[in-house]
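Asks: I am attaching a structure below and will ask some questions about it afterwards.
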Amino acid sequence: MIAGVDEAGRGPLAGPVVAAAVVLGPGGIVGLDDSKKLSAAARERLAEAIRRACHVGVGIASVEEIDRLNILHATMLAMTRAVDALGCAPREVLVDGNRLPDWRWSARAIIGGDASEPCISAASIIAKVTRDAIMVAADAAHPGYGWASNKGYGSAAHLAALATLGPTPLHRRSFAPVARALERQPV
């Protein structure tokens, strides 16, 4: 019962940070890799297979939590929520990166784990697919920012929209480009 944990969405200007925890099923999943190395179609296909065959937990830290705690602490909170949501108690948790949340599980941080540890690769895929779906839905609710394609990252189109349209409730006010846009808004 080894769980892999990874997150998606630490760097964007908008939207939550999403973490996933995955305990692989007995047969494993063929084709796992770091989610950033896979096409969107491959991620979707693998996410479906992972959800069918594995224990999966997802944890989300909201924009408000990101602004209140900072992105690092919000990420650790999302990771803790993801492991809590697994529905089973892992013997050990492998976390992509160089930091671990302060939690009750035995754990190891593994730099590059999303490419080297299959359970972390699976978590990477689930976190990315989940967050991307959130941002595509947010694009429909807040048109003009291009979130369906940029997923909330600071692309040129997103930054231009931020300057002309101003921040939405999904923008992270503690991030410098959003804070600058807020300063420019009329009172």
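Asks: Please state which one of GLY87, GLY28 is touching a helix residue (DSSP H, G or I) at 6+ places or on another chain (Cβ under 8 Å) and among the small types (Gly, Ala, Ser).
Replies: Details: GLY87 fails: touching a helix residue (DSSP H, G or I) at 6+ places or on another chain (Cβ under 8 Å).
Result of the check over GLY87, GLY28: GLY28.
Asks: Can you pull out the residues in the range 30-60 that are open to solvent by less than 80 Å² (accessible area, probe 1.4 Å) and either more than 17 Å from ASP6 (Cα to Cα) or part of a helix (DSSP H, G or I) (or both)?
Replies: Selection gives GLY31, SER35, SER39, ALA40, ALA41, ALA42, ARG43, LEU46, ALA47, ALA49, ILE50, ALA53.
Asks: Could you list, ordered by first residue, the pairs with Cβ atoms under 9 Å in which the first is in the range 61-81 and farther than 23 Å from ARG108 by Cα and the second is crowded, with 16+ Cβ neighbours inside 10 Å and acidic (Asp, Glu), at least 6 apart or interchain?
Replies: If the second residue must be crowded, with 16+ Cβ neighbours inside 10 Å and acidic (Asp, Glu), no pairs are left.
Asks: In addition: Return yes or no: is ILE110 β-branched (Val, Ile, Thr) and surrounded by fewer than 22 Cβ atoms within 10 Å (Cβ to Cβ)? Step through it out loud before you land on a result.
Replies: On the way: β-branched (Val, Ile, Thr): yes; surrounded by fewer than 22 Cβ atoms within 10 Å (Cβ to Cβ): yes.
Judged against the criteria, ILE110 is a match.
Asks: Just to confirm my filter: which helices (runs of 4 or more DSSP H) fall fully inside the range 108-187 and include at least 1 residues that are under 17 Å from ILE66 (Cα atoms)? Full working, then the answer.
Replies: On the way: elements: 113-116, 118-141, 147-150, 156-165, 176-184.
Counting at least 1 such residues, we get 118-141, 176-184.
Asks: Has the range 10-29 got any residue that is modelled with pLDDT of 95 or more, open to solvent by 30 Å² or more (accessible area, probe 1.4 Å), closer than 24 Å to GLY112 by Cβ and in contact with a strand residue (DSSP E or B) (Cβ under 7 Å, 6 or more places away or on another chain)?
Replies: Of all residues in the range 10-29, those modelled with pLDDT of 95 or more come to 10-24.
Okay, now just the ones that are also open to solvent by 30 Å² or more (accessible area, probe 1.4 Å), so 10-11, 24.
So of that shortlist, the ones also closer than 24 Å to GLY112 by Cβ come out as 10-11, 24.
Restricting the remaining residues to those that are in contact with a strand residue (DSSP E or B) (Cβ under 7 Å, 6 or more places away or on another chain) gives 10.
There is at least one residue in the range 10-29 that is modelled with pLDDT of 95 or more, open to solvent by 30 Å² or more (accessible area, probe 1.4 Å), closer than 24 Å to GLY112 by Cβ and in contact with a strand residue (DSSP E or B) (Cβ under 7 Å, 6 or more places away or on another chain).
Asks: Hey, can you tell me all the residues within the range 77-87 that are open to solvent by 30 Å² or more (accessible area, probe 1.4 Å) and either assigned to a loop (DSSP other than H, G, I, E, B) or closer than 17 Å to SER174 by Cβ (or both)?
Replies: LEU77, ALA85, GLY87
Asks: What do you reckon, is ILE71 modelled with pLDDT of 95 or more and either open to solvent by 10 Å² or more (accessible area, probe 1.4 Å) or not acidic (Asp, Glu) (or both)? Let's see the steps before the verdict.
Replies: On the way: modelled with pLDDT of 95 or more: yes; either open to solvent by 10 Å² or more (accessible area, probe 1.4 Å) or not acidic (Asp, Glu) (or both): yes.
So ILE71 passes the test.
The values are calculated or read from the model by the stated rules, or taken from the named source; none is laboratory data. Computed from a prediction, not measured in an experiment: that's the story for all the values here. Backbone-built Cβ (ideal geometry, glycine too); neighbour counts: all protein chains shown. Only protein heavy atoms, including side chains, enter the accessible area calculation; ligands, DNA and RNA are left aside. Shrake-Rupley method; radii C 1.70, N 1.55, O 1.52, S 1.80 Å.
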